[in-house]
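First up is the structure itself, then whatever we jot down about it.
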Amino acid sequence: RTMVALGTDSGVHTTALLTDMNVPLGLAIGNANEVRESVEVLAGGGPADVRELTLALAREMLALSGHPDADVEKALDNGRAMDSWKAMIRAQDGDPDAALPTARETHTVTAPADGFVTRMDALPFGIGAWRLGAGRARAEDAVVFAAGIDLHVKPGDAVRAGDPVFTLSADDAARFDRALDAVDGAWEIGAEHIERAPLVRERITA
């Protein structure tokens with residue numbers, strides 16, 4: 001509400017979407033893997049929740065700029081959004097087709113039993129990705145762009161014993177133990193199916 005008020009007071013049409021941050025958005029937590037996931041959305045695919053939020057934010061921005069009837073879903077599906085992104089990269093002398101880095105080491109955690117994913121807390125998974133090298137503890141620390149966590153399931157999904165739940169990626173396998181400590185107890189497999197909470201909880205206006 002403060003950010004909306006600041007924007008409005010500065011003469012900028014501003015709204016905010018309050019979204020569910022209890023569960024990781026999408027399936028990728030990191031740097032290169034999140035870029036890869038974003039490109040998948042621009043190509044018309046990607047995780048349903050990332051696509052949903054992308055469309056919601058695009059509609060808000062276009063409505064605020066005087067284009068409330070723009071068909072943002074069509075722009076994703078027909079490739080125009082991808083074309084615009086590639087043009088933006090090339091305009092900055094970048095290569096939109098450049099290969100993204102991949103980690104040297106991976107470790108996959110599997111479901112201990114049949115059931116449903118009932119909980120997956122965002123903050124511990126973010127800390128886990130940071131411990132893998134995806135973030136900095138100090139300004140001078142290097143970021144490992146290939147490090148991170150890829151989720152294979154989300155709350156509400158059914159799993160069988162032995163199914164992959166998430167995969168850790170790092171350039172140094174010695175980082176896995178501390179990342180696993182971070183997510184220990186942050187996810188659960190239960191017997192009962194749960195419904196996913198709405199992604200957008202509230203739209204805040206001036």
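Here are the numbers:
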| quantity | calculated |
| --- | --- |
| Where GluC sites (Glu not before Pro) fall in DSSP loop in the stretch 47-76, at most 10 other Cβ within 10 Å | none |
| Globularity ratio of the stretch 105-190, using Cα Rg and 2.2 N^0.38 Å | 1.11 |
| Extent along principal axes [Cα atoms of the chain; Å; largest to smallest] | 51, 44, 36 |
| Relative contact order for the chain, counting Cα pairs under 8 Å that sit 6 or more residues apart, in percent | 31 percent |
| Under Karplus coefficients 6.51, -1.76 and 1.60, residue-wise ³J(HN,Hα) of the stretch 174-189 in Hz, glycine/proline x | 5, 7, 5, 4, 5, 5, 5, 4, 5, 9, 4, x, 8, 9, 9, 10 |
| A111 long-range amide H proximity, modeled H, under 5 Å | G162, D163, V165 |
| Per residue convex hull volume, Cα atoms of the stretch 2-97, in Å³ | 135 Å³ |
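Where a number appears in this text, it was derived from the coordinates with a stated rule and is not lab data. Every value quoted in this text rests on a predicted model; they were computed, and no experiment measured them. Neighbour counts run over all protein chains shown; Cβ positions are idealised from the backbone, glycine included.
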